[in-house]
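The structure under discussion appears below in the form of structure tokens.
The values are calculated or read from the model by the stated rules, or taken from the named source; none is laboratory data. None of these values were measured; they are calculated from a predicted model. In this analysis, Cβ positions are derived from the backbone assuming ideal geometry, glycine residues included, and neighbour counts consider all displayed protein chains.
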Amino acid sequence: MFLPINLGQLVKGSTATPDAAASPSEEDPGRFGLCPREVAHLGDFGKASVVDIRNAADFSRRHIAGALHQPRERFDAAPLPGDPDLRVVLCCDTGERSRRLAFDLRCAGQRRVTYLLGGLDAWAGEGLSLVGTSEGSD
């Protein structure tokens, strides 16, 4: 089961760029994005919180059970829970928008934020379950 997080004011309107901070992937090689099975495994042990950043229509069509919905256009993040083992996994349909937002958040100091590699398309491709039946768009 995925754990909820408290979303509030931290990075709204972030202007972080790759020049503003070290690349998260350079700091933590191979750990910036997580594959679908790894996210599912972390969720099974209460070590991940999934946040879907797509619009409301796409979220209602399909999403990971237990995922929080926080559209990218209105995304605000509060300080993350104190558990250093908890990962906050952002997701979208293909992983591109969630990768960019995760990068911005990590540049702003939120090092436990990551994203779902390949997005919901990869999640479904691995045969992992989604709530809803229609395909969304990224």
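Numerical summary
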item: For Thr114: the one exception among (1) part of a helix (DSSP H, G or I); (2) within 14 Å of Phe32 (Cβ to Cβ); (3) not aliphatic (A, V, I, L, M); result: (1)
item: Subset of segment 45-74 [among the polar types (S, T, N, Q) and assigned to a loop (DSSP other than H, G, I, E, B)]; result: Asn55, Gln70
item: Tabulated pairs, segment 52-68, first surrounded by fewer than 14 Cβ atoms within 10 Å (Cβ to Cβ), second hydroxyl-bearing (Ser, Thr, Tyr) and not in a helix (DSSP H, G or I), C-beta under 8 angstrom, 6+ apart or interchain; result: Ala65/Ser129
item: Hits in segment 85-95 (condition: over 10 Å from the mean Cα position of the chain (by Cα) and either at pLDDT 95 or above or crowded, with 19+ Cβ neighbours inside 10 Å (or both)); result: Asp93, Thr94
